[in-house]
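Student: Structure below; questions to follow.
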Amino acid sequence: MTDVMDRPALKVVGTRPIRPDGVDKVTGRAQFGADFHLPGMLVGKIKRSPHAHARIVSIDTRKARALAGVKAVITAADLPDLASQEYEAGESASNLRDLSQNCMARDKALYQGHALAAVAAVSAQVADEALDLIEVVYEVLPHVIDVEAAMEPSAPVLHAHLFTEGLAERPATASNIAKVNRLGRGDLEAGFGEADVVVQGRYTTKAVHQGYIEPHACVAQVSQDGQCQVWSSSQGQFMVRTYCAKILGLEIADIRVTPAEIGGGFGGKTTVYLEPLALALSRQSGHPVKMVMTREEVFRATGPTSGAVIEVKLGAKQDGTIVAADVVLKYQAGAFPGSPVGAGSMTALAAYDIPNVAITGYDVVTNSPKVAAYRAPGAPISAFGVESAIDDLARELGMDPIVLREKNGVVSGVKAVYGPTYRDIGYLETLKAIKDHPHYAAPLGPNQGRGVAVGFWFNVGGESTAAVHVNEDGSAVVVTGNPDIGGSRASMAMMAAEVLGLPVEQVRPIVADTASIGFSMLTGGSRTTFATGMAVTQAAGKIVEDVKRRAALIWDTTVDKVAWESGQAVCLDATKSAVKPLTLAAIAAQAGRTGGPISAEVSLNAQGAGPGFAVHLCDVEIDRETGHVTVVRYTAAQDVGRAIHPAYVEGQIQGGVAQGVGWALNEEYIFDADGQMENAGFLDYRVPVASDLPMIDAVLVEVPNPRHPFGAKGVGEAPIVPPLAAVANAVRDALGVRMCDLPLSPPKIRAVVDGLAS
Amino acid sequence: MSKRHISTTVNGDAAEFLAEPGATLLDALRDELRLTGAKEGCGSGDCGACSVMVDGRLVCACLMLAPEAEGRRIETIEGMAQGGRLHPLQQKFLEHAALQCGFCTPGLLVAAKALLDQNPDPSETEVRYWLAGNLCRCTGYDKVIRAVMDAAADLRQVRRAS
Amino acid sequence: MVHVVLAGADGREFTGGEGAFDVEATSVRRLILALDQRFPGFGDYVERRMAFAIDGVIHQDAYGAELAPDSEVCLIPKIGGG
């Protein structure tokens, strides 16, 4: 790999060009999942369980099938009954049986909204009528949603086959605790024995949804020869292809998935819900089938992330040295195992160099929708507990909260609590950026408070393919297999333009379907600019080598006598002093004479992603009458490695902050006594709106990752990690009372204010 | 129930379509006229992704019945760019990177244009409250607000010059 | 000898609870084979579930990655993301 290029040498990387897909998006032309239309297309809809937990005694679809205009009806009986099997598809392993049964319940409905049957009909009205005609006999079972209640031995058990993993001995009875994971080092008891000060707290968070504005949508078509096509909005067309093949028992080669523009994902579109069902309906009906979720379905049957209980105990010496930390995490997984408690455990203390540590995590199934990845999955939850406790520790010690974090902060060469030795990290630089920011010293007004919190995310690399094609006029096309959620096409074009020496406007990036580019893992884990960017850069590098060879041919010299400078081949052969440099356009014009079209493709498995650290500073103001908390100022610093397109890096940070603020202040799944979600709409599930937020000052700290050609680190996930605690710590500062249960909604604030008054 | 025939004006041109009595204006625009720039994010008037103008008023197309469009003048995102030129708001959204996924963008642009048409010099607070009905989950609104303020400033200069 | 460290409790059911051991290996592929020979089934488990932090640089699914004689390889659960 080439060395990380110096900033001054870069012409394109680090600038802010207009994104290549922008005009389509501001004019309404961009085609999202629900915008696709085929002739003869049917409307597919899903019958969902009204019960949070019920045995499915029978499903009678005869009346629905008989209704005029109904072309297909499916239940789990129309899908293969898969055995329990872990399968890697694009990112992390999933259990195929669980995935299939989450798309369509087989024996039991495990949450309200769980899919039971699906129909395809000539219109939405007919499809709705058909759903009403499907007769389901249920045996309603007791349900459990609260994570600690689900861990009780007396709790209703969701899966008779689920025996806790990670214990010394396999338990004798099934339970809802899918896994216990432990992480630690040192001697906890001795550590706390050394401590002068001990703080502890028990914190809770509620399930929150990713809240992408575009509901899940797809169109599927199965032709008479079994060839399948899917157009869908997801974070990975290859992920959709693999999962559809596995769930339906189809061959990969028979499925082609075309990615639509994606209207937000945040991790929530790293799995499938509709696509296998739409294919099954199309196969049965012989028509293309479109399925689009309503917002209510999105809330009831997709995402969210875990609600959780976090217990933290910290011990420190009087000088601020943290000597021991004990963390217990209990995360809801929803209906099937697989909460992000593992990542929550590994990230919980990643910013701290503490000798004696124990972290215990519980993955617990509950009668709520199976959780899906949500931006730095698991990390904001554990950080909320740890960063709240660190804030209390700073107060207890009378130390500045940033100085306390600096004193215990990790640097390159230090062993992370989760195992590896850090390299090339920029945590202390990021802390300093906040400490030196004018915001940190700015005076606060009445009823205002200030909070600091930090966050960590690993970032990943993984498998990607990229192709670069040079056109006859010397312009270029960059092809990748990664859906562009937040402007990644711009970064891809910029990296290619940098290497090729072209103006970025002459590089057109596209996201190709599964038949038109090699395999790429999905867009997630903050991997695209890092890993796919590496593939793009290497492909562009191959082009440069190729055109140098061609220039040598044109000049009748050897390739070692050709240099590539500022987008031109320059002849170093002293005997050819008369020749002028050749631009890419000049070489492309003669491509036929020098070996044919100029193209390069690179497939790789990118290793060595650099982790990201974020440090956030938040001011809030409390309305003591209404209990409303307003975020009045917010500054977020992050080590981004090197920003390829700084505006979209800032955008990632600002968006992550907004989501974190919503998590802290307003957002929560509210269930009634029957396990029905009571707020399955944007009116009652309140995500931050424009008038809720101030400007968000994103401070980019650049400590390059030497394993990426331009030094990039993933940036999308770290920014959602600190805000929960940054807001809570600011509220603590304003009120003088520690609040441990999110969201910090007006009724809870009012209760504290009233308590203080009396 | 049989469909009804509706005559209306969309982006300045006469447009006719058939609609179920219960269909929304959003259904008609997207499914009958194939103007898919207005998006359905919620179907309940909470997200603003389907914002359109009806007789000069900003409405959520998902909250209006299609037959109510009879005889009305409808403007959608597809009509915002005039000829080959983007509206200054569209241009500023691009320059400020005020979109990430772009799904809420058409609704935000239609709503922002409605604001600037009636208030050429809004404060940041006025812009934030006006756009409070348009949810964006990607951007944290920072760059959206900056783009609208910048477009307003540009439009004021154009007005002064003319 | 490459020094192998298991960061958490994951996988210790194969190692009899051991969390650190030295193994002769010059690549990740050879390390997996060596681990499987030493603790039957562990190599397969590591392949499916674990990532390799080789002297601090995280590798996932990387048979070809080279190991120096004094490398430290920390086995951590595979990481996904949002």
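Student: Hey, among the residues in the range A:592-611 that are within 14 Å of chain C (Cβ to nearest Cβ) and either of a type in the set (A, V, I, L, M) or without any contact (Cβ under 8 Å) to a residue 12 or more places away in the chain (or both), which one's most open to solvent (accessible area, probe 1.4 Å)?
Tutor: Restricting attention to the range A:592-611, the residues satisfying the condition of being within 14 Å of chain C (Cβ to nearest Cβ) are A:603-611.
With either of a type in the set (A, V, I, L, M) or without any contact (Cβ under 8 Å) to a residue 12 or more places away in the chain (or both) added as a condition, the list becomes A:604, A:606, A:609.
Details: A:L604: 31, A:A606: 4, A:A609: 12 Å².
Result: A:L604.
Student: Determine whether A:A34 is within 14 Å of another protein chain (Cβ to nearest Cβ) and over 20 Å from A:Q284 (Cβ atoms).
Tutor: On the way: within 14 Å of another protein chain (Cβ to nearest Cβ): yes; over 20 Å from A:Q284 (Cβ atoms): yes.
Criteria met by A:A34.
Student: Among the residues of the range A:247-259, how many are within 25 Å of the chain's Cα centre (by Cα) and open to solvent by 20 Å² or more (accessible area, probe 1.4 Å)? Reasoning before the result, please.
Tutor: To start, the set of residues in the range A:247-259 that are within 25 Å of the chain's Cα centre (by Cα) comprises A:247, A:256-259.
Within this subset, residues satisfying the condition of being open to solvent by 20 Å² or more (accessible area, probe 1.4 Å) are A:256, A:258-259.
Here the count works out to 3.
Student: With the structure loaded, tell me whether A:V699 is touching a His at 6+ places or on another chain (Cβ under 7 Å), within 14 Å of chain B (Cβ to nearest Cβ) and either surrounded by fewer than 24 Cβ atoms within 10 Å (Cβ to Cβ) or part of a loop (DSSP other than H, G, I, E, B) (or both) or whether it fails that test. So that I can check it myself, show each step before the final result.
Tutor: On the way: touching a His at 6+ places or on another chain (Cβ under 7 Å): yes; within 14 Å of chain B (Cβ to nearest Cβ): yes; either surrounded by fewer than 24 Cβ atoms within 10 Å (Cβ to Cβ) or part of a loop (DSSP other than H, G, I, E, B) (or both): yes.
Criteria met by A:V699.
Student: Determine if the range A:378-393 includes at least one residue that is β-branched (V, I, T), within 14 Å of chain C (Cβ to nearest Cβ) and assigned to a helix (DSSP H, G or I). Explain how you work it out, then say what you get.
Tutor: Going residue by residue through the range A:378-393, those that are β-branched (V, I, T) are A:381, A:386, A:390.
In the following step, the residues that additionally are within 14 Å of chain C (Cβ to nearest Cβ) were identified as A:381.
Imposing the further condition that a residue be assigned to a helix (DSSP H, G or I) reduces the set to A:381.
Yes, there is a match, as at least one residue in the range A:378-393 is β-branched (V, I, T), within 14 Å of chain C (Cβ to nearest Cβ) and assigned to a helix (DSSP H, G or I).
Student: Next question, about the same structure. Restricting the search to the range B:32-57, which residues are assigned to a loop (DSSP other than H, G, I, E, B), in contact (Cβ under 8 Å) with a residue 12 or more places away in the chain, within 13 Å of chain A (Cβ to nearest Cβ) and closer than 16 Å to B:V10 by Cα?
Tutor: Narrowing the range B:32-57 to residues assigned to a loop (DSSP other than H, G, I, E, B): B:33-50, B:55-56.
Still in the list and also in contact (Cβ under 8 Å) with a residue 12 or more places away in the chain: B:33, B:35, B:37-50, B:55-56.
When the remaining residues are screened for being within 13 Å of chain A (Cβ to nearest Cβ), the result is B:33, B:35, B:37-50.
Within the range B:32-57, B:L33, B:L35, B:G37, B:A38, B:C50 meet the criteria.
Student: Please go through the range B:132-154 and pick out each residue that is in contact (Cβ under 8 Å) with a residue 60 or more places away in the chain, under 18 Å from the mean Cα position of the chain (by Cα) and either within 20 Å of A:Y685 (Cα to Cα) or more than 12 Å from chain A (Cβ to nearest Cβ) (or both).
Tutor: Looking only at the range B:132-154, we keep the residues that are in contact (Cβ under 8 Å) with a residue 60 or more places away in the chain, and these are B:133-135, B:151, B:154.
Okay, now just the ones that are also under 18 Å from the mean Cα position of the chain (by Cα), so B:133-135, B:151.
Passing the criteria: B:G133, B:N134, B:L135.
Student: I would also like to ask the following. Any residue at all in the range B:91-111 that's free of Cβ contacts under 8 Å to residues at least 40 places away in the same chain, touching a Leu at 6+ places or on another chain (Cβ under 8 Å), within 12 Å of chain A (Cβ to nearest Cβ) and surrounded by 24 or more Cβ atoms within 10 Å (Cβ to Cβ)? Walk me through how you get there before you give the answer.
Tutor: Of the range B:91-111, the ones free of Cβ contacts under 8 Å to residues at least 40 places away in the same chain are B:94, B:100-102, B:105, B:109.
Next, only the ones that are touching a Leu at 6+ places or on another chain (Cβ under 8 Å) stay: B:94, B:105, B:109.
Retained after the next criterion (residues that are within 12 Å of chain A (Cβ to nearest Cβ)): B:94, B:105, B:109.
So of that shortlist, the ones also surrounded by 24 or more Cβ atoms within 10 Å (Cβ to Cβ) come out as B:105, B:109.
Within the range B:91-111 (the criterion being free of Cβ contacts under 8 Å to residues at least 40 places away in the same chain, touching a Leu at 6+ places or on another chain (Cβ under 8 Å), within 12 Å of chain A (Cβ to nearest Cβ) and surrounded by 24 or more Cβ atoms within 10 Å (Cβ to Cβ)), the answer is yes, since at least one residue qualifies.
Student: Given the residues A:D146, A:D98, A:D107, A:D187, which is the only one that is closer than 27 Å to A:Y87 by Cβ and open to solvent by 70 Å² or more (accessible area, probe 1.4 Å)? First the steps, then the outcome.
Tutor: Numbers: A:D146 fails: closer than 27 Å to A:Y87 by Cβ; A:D98 fails: open to solvent by 70 Å² or more (accessible area, probe 1.4 Å); A:D187 fails: closer than 27 Å to A:Y87 by Cβ.
Of the residues listed, the single one that is closer than 27 Å to A:Y87 by Cβ and open to solvent by 70 Å² or more (accessible area, probe 1.4 Å) is A:D107.
Student: Take the residues in the range B:1-31 that are open to solvent by 20 Å² or more (accessible area, probe 1.4 Å) and closer than 20 Å to A:M291 by Cβ; name whichever of them is farthest from the other protein chains (Cβ to nearest Cβ).
Tutor: We begin by selecting, within the range B:1-31, every residue open to solvent by 20 Å² or more (accessible area, probe 1.4 Å); these are B:1-5, B:7, B:9, B:11-14, B:16, B:18, B:20-22, B:24, B:27, B:30-31.
Applying the additional criterion that residues be closer than 20 Å to A:M291 by Cβ yields B:20, B:24, B:27, B:30-31.
Values: B:E20: 7, B:T24: 11, B:D27: 8, B:R30: 8, B:D31: 8 Å.
Only one residue tops the list, namely B:T24.
Student: Among A:A496, A:A466, which is among the aliphatic types (A, V, I, L, M), out of contact with any His (no Cβ under 7 Å at 6 or more places or on another chain) and farther than 16 Å from A:A606 by Cβ? Steps first, please.
Tutor: On the way: A:A466 fails: farther than 16 Å from A:A606 by Cβ.
The unique qualifying residue is A:A496.
Student: Looking at (1) within 30 Å of A:F238 (Cα to Cα); (2) within 14 Å of chain C (Cβ to nearest Cβ); (3) not aromatic (F, W, Y), which is the only condition A:G455 fails?
Tutor: Every condition holds for A:G455 apart from (1).
Student: Conditions: (1) acidic (D, E); (2) surrounded by fewer than 21 Cβ atoms within 10 Å (Cβ to Cβ); (3) more than 29 Å from A:V699 (Cα to Cα); (4) within 13 Å of chain C (Cβ to nearest Cβ). A:D363 meets all but one. Number of the miss?
Tutor: Among (1) acidic (D, E); (2) surrounded by fewer than 21 Cβ atoms within 10 Å (Cβ to Cβ); (3) more than 29 Å from A:V699 (Cα to Cα); (4) within 13 Å of chain C (Cβ to nearest Cβ), the lone unmet condition for A:D363 is (2).
Student: Still on this structure, please answer the following. Got a sec? Which of C:E66, C:E24 is open to solvent by 20 Å² or more (accessible area, probe 1.4 Å), out of contact with any Gly (no Cβ under 8 Å at 6 or more places or on another chain) and within 13 Å of chain A (Cβ to nearest Cβ)? Show your work before the answer.
Tutor: Values: C:E24 fails: within 13 Å of chain A (Cβ to nearest Cβ).
Answer to the selection: C:E66.
Student: Follow-up question, since we're still on this one. Take the residues of the range A:516-538 that are within 10 Å of the chain's Cα centre (by Cα) and open to solvent by 10 Å² or more (accessible area, probe 1.4 Å): which is farthest from the other protein chains (Cβ to nearest Cβ)?
Tutor: Restricting to residues being within 10 Å of the chain's Cα centre (by Cα) and open to solvent by 10 Å² or more (accessible area, probe 1.4 Å), the top hit is A:T523.
Student: For the range A:628-637, does any single residue satisfy the condition of being part of a loop (DSSP other than H, G, I, E, B) and either surrounded by 23 or more Cβ atoms within 10 Å (Cβ to Cβ) or away from chain B (no Cβ under 14 Å) (or both)?
Tutor: Taking the range A:628-637 and keeping what is part of a loop (DSSP other than H, G, I, E, B), we get none.
Taking every residue of the range A:628-637 in turn, none turns out to be part of a loop (DSSP other than H, G, I, E, B) and either surrounded by 23 or more Cβ atoms within 10 Å (Cβ to Cβ) or away from chain B (no Cβ under 14 Å) (or both).
Student: Going by the structure shown, is B:V158 among the β-branched types (V, I, T) and either open to solvent by less than 40 Å² (accessible area, probe 1.4 Å) or part of a loop (DSSP other than H, G, I, E, B) (or both)? Reasoning before the result, please.
Tutor: Values: among the β-branched types (V, I, T): yes; either open to solvent by less than 40 Å² (accessible area, probe 1.4 Å) or part of a loop (DSSP other than H, G, I, E, B) (or both): no.
No; evaluated as a whole, the condition is false for this residue.
Student: Here's another thing I want to ask about it. Among the residues of the range A:260-286, how many are more than 14 Å from chain C (Cβ to nearest Cβ) and either open to solvent by 10 Å² or more (accessible area, probe 1.4 Å) or free of Cβ contacts under 8 Å to residues at least 60 places away in the same chain (or both)?
Tutor: In the first step, residues of the range A:260-286 are kept if they are more than 14 Å from chain C (Cβ to nearest Cβ); the result is A:260-261, A:263, A:272-286.
With either open to solvent by 10 Å² or more (accessible area, probe 1.4 Å) or free of Cβ contacts under 8 Å to residues at least 60 places away in the same chain (or both) added as a condition, the list becomes A:260-261, A:273, A:275, A:279, A:283-286.
Count: 9.
Student: Hey, among the residues in the range A:287-299 that are open to solvent by 40 Å² or more (accessible area, probe 1.4 Å) and not in a helix (DSSP H, G or I), which one's farthest from A:R48 (Cα to Cα)? Walk me through it before giving the result.
Tutor: Applying the first criterion (open to solvent by 40 Å² or more (accessible area, probe 1.4 Å)) to the range A:287-299 yields A:287, A:292, A:294, A:296.
If we keep only those that are not in a helix (DSSP H, G or I) too, we end up with A:287, A:292, A:294.
Working: A:H287: 23, A:V292: 14, A:T294: 12 Å.
By that ranking, first place goes to A:H287.
Student: I'd like the residue in the range A:411-436 that is open to solvent by 30 Å² or more (accessible area, probe 1.4 Å) and outside any helix (DSSP H, G or I) and, out of all such residues, is nearest to A:L349 (Cα to Cα). Don't jump to the end; show me each part of the working.
Tutor: Applying the first criterion (open to solvent by 30 Å² or more (accessible area, probe 1.4 Å)) to the range A:411-436 yields A:411-413, A:415, A:421, A:423-424, A:428-429, A:432, A:435-436.
Adding the requirement that they be outside any helix (DSSP H, G or I) leaves A:411-413, A:415, A:421, A:423-424, A:436.
On the way: A:V411: 13, A:S412: 16, A:G413: 16, A:K415: 12, A:T421: 14, A:R423: 17, A:D424: 18, A:D436: 24 Å.
By that ranking, first place goes to A:K415.
Listed here are the residues, each with its yes/no results for (1) touching a helix residue (DSSP H, G or I) at 6+ places or on another chain (Cβ under 7 Å); (2) part of a strand (DSSP E or B).
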| site | (1), (2) |
| --- | --- |
| A:I485 | no, no |
| A:A490 | yes, no |
| A:A493 | yes, no |
| A:A497 | yes, no |
| A:I510 | no, yes |
| A:I517 | no, no |
| A:V536 | yes, no |
| A:A540 | yes, no |
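Student: Another question, then. Under 7 Å between Cβ atoms, which residue pairs at least 6 apart in sequence (or on different chains) link something in the range A:148-166 that is more than 14 Å from chain C (Cβ to nearest Cβ) with a partner that is open to solvent by 20 Å² or more (accessible area, probe 1.4 Å) and of a type in the set (V, I, T)?
Tutor: A:M151/A:I177
Student: I need a count of the residues in the range B:58-86 that are modelled with pLDDT under 95 and either touching a strand residue (DSSP E or B) at 6+ places or on another chain (Cβ under 6 Å) or at the interface with another protein chain (Cβ under 10 Å from one of its Cβ atoms) (or both).
Tutor: The initial filter retains those residues of the range B:58-86 that are modelled with pLDDT under 95, namely B:82-84.
After this cut, where a residue has to be either touching a strand residue (DSSP E or B) at 6+ places or on another chain (Cβ under 6 Å) or at the interface with another protein chain (Cβ under 10 Å from one of its Cβ atoms) (or both) as well, the list is none.
Within the range B:58-86, residues that are modelled with pLDDT under 95 and either touching a strand residue (DSSP E or B) at 6+ places or on another chain (Cβ under 6 Å) or at the interface with another protein chain (Cβ under 10 Å from one of its Cβ atoms) (or both) number 0.
Student: Separate question: Residues to consider are C:D61, C:D70; find the one that is closer than 30 Å to A:Y374 by Cβ and of a type in the set (D, E, K, R). Steps first, please.
Tutor: Details: C:D70 fails: closer than 30 Å to A:Y374 by Cβ.
Matching residue, one of C:D61, C:D70: C:D61.
Student: Name every residue in the range A:373-389 that is among the hydrophobic types (A, V, I, L, M, F, W, C) and in contact with a Lys or Arg (Cβ under 8 Å, 6 or more places away or on another chain), in order of residue number.
Tutor: The initial filter retains those residues of the range A:373-389 that are among the hydrophobic types (A, V, I, L, M, F, W, C), namely A:373, A:376, A:379, A:381, A:383-384, A:386, A:389.
If the condition is that a residue be among the hydrophobic types (A, V, I, L, M, F, W, C) and in contact with a Lys or Arg (Cβ under 8 Å, 6 or more places away or on another chain), then A:A389 is the only one that fits.
Student: Here's a follow-up. Among the listed residues A:A673, A:A726, A:A690, which satisfies the condition of being without any contact (Cβ under 8 Å) to a residue 12 or more places away in the chain and open to solvent by less than 10 Å² (accessible area, probe 1.4 Å)? Walk me through it before giving the result.
Tutor: Numbers: A:A673 fails: open to solvent by less than 10 Å² (accessible area, probe 1.4 Å); A:A726 fails: without any contact (Cβ under 8 Å) to a residue 12 or more places away in the chain.
That would be A:A690, the only listed residue that is without any contact (Cβ under 8 Å) to a residue 12 or more places away in the chain and open to solvent by less than 10 Å² (accessible area, probe 1.4 Å).
The values are calculated or read from the model by the stated rules, or taken from the named source; none is laboratory data. Remember, predicted model here, so these are calculated numbers, not experimental data. Because the Cβ atoms are built from the backbone with ideal geometry, glycine has one as well, and the counts that use them run over all protein chains shown. Ligands, DNA and RNA are excluded from the accessible area calculation, which covers all protein heavy atoms including side chains. Shrake-Rupley method; radii C 1.70, N 1.55, O 1.52, S 1.80 Å.
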